[in-house]
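The values are calculated or read from the model by the stated rules, or taken from the named source; none is laboratory data. What you see is a predicted model; the values in this text were computed from it and never measured. Cβ coordinates were reconstructed from backbone atoms using ideal geometry, including for glycine residues, and neighbour counts include every protein chain displayed. Surface accessibility is based on the protein's heavy atoms, side chains included, excluding ligands, DNA and RNA. Shrake-Rupley method; radii C 1.70, N 1.55, O 1.52, S 1.80 Å.
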Amino acid sequence: QVQLVESGGGLVQPGGSLRLSCAASGTILNIYVMGWYRQAPGAQRELVATMINSSRINYTDSVKGRFTISRDNAKNTVTLQMNNLKPEDTAVYYCNADVRSYILGPTYNYWGQGTQVTVSS
């Protein structure tokens, strides 16, 4: 079993910054993709950013140039630095990871519990 725990959400004014962190724990052999998704009220959950390695990073268009995703594979963590935040970034942000726990075992997808980000003056 694998758990993902997010931290770092909160209330920030437009133009401000927040840093989200997610730590994976449990039986982990490899983590392939780690990323962040978000869900605003009344909307579907959408991809924000995913990272396989430093050369394989994907951002949704609306956050390009403002958000930066990074990973620490030794610590099984993923971080999302969010700058120049806008009211439309308001959402619950979820950590996501594809994890293999055993040699020759399957890869499972896991979600964190979510952390609220509110951008408002």
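Six or more apart or on different chains, Cβ under 8 Å: which pairs go from a residue in the range 79-92 that's within 25 Å of LEU4 (Cβ to Cβ) and in a strand (DSSP E or B) to one that's open to solvent by 50 Å² or more (accessible area, probe 1.4 Å) and of a type in the set (Lys, Arg)? Could you list them?
Correct list of pairs: THR79/ARG19; LEU80/ARG19; GLN81/ARG19; MET82/ARG19.
Would you pick out the residues in the range 58-78 that are in a loop (DSSP other than H, G, I, E, B) and among the aliphatic types (A, V, I, L, M)? Quick ask: steps written out before the conclusion?
From the range 58-78, those in a loop (DSSP other than H, G, I, E, B) are 60, 64-66, 73-76; that's our starting set.
Once the filter is applied, which keeps residues that are in a loop (DSSP other than H, G, I, E, B) and among the aliphatic types (A, V, I, L, M), the range 58-78 yields only ALA74.
Per-residue answers, yes or no, for (1) among the hydroxyl-bearing types (Ser, Thr, Tyr); (2) open to solvent by 60 Å² or more (accessible area, probe 1.4 Å):
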position: GLY10; (1), (2): no, no
position: THR27; (1), (2): yes, no
position: LYS64; (1), (2): no, yes
position: ASN73; (1), (2): no, yes
position: GLN81; (1), (2): no, no
position: LEU85; (1), (2): no, no
position: ALA91; (1), (2): no, no
position: ASN96; (1), (2): no, no
position: VAL99; (1), (2): no, no
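Hey, can you tell me all the residues within the range 34-66 that are of a type in the set (A, V, I, L, M, F, W, C) and more than 21 Å from ALA24 (Cα to Cα)?
Going residue by residue through the range 34-66, those that are of a type in the set (A, V, I, L, M, F, W, C) are 34, 36, 40, 43, 47-49, 51-52, 57, 63.
The answer is ALA40, ALA43, VAL63.
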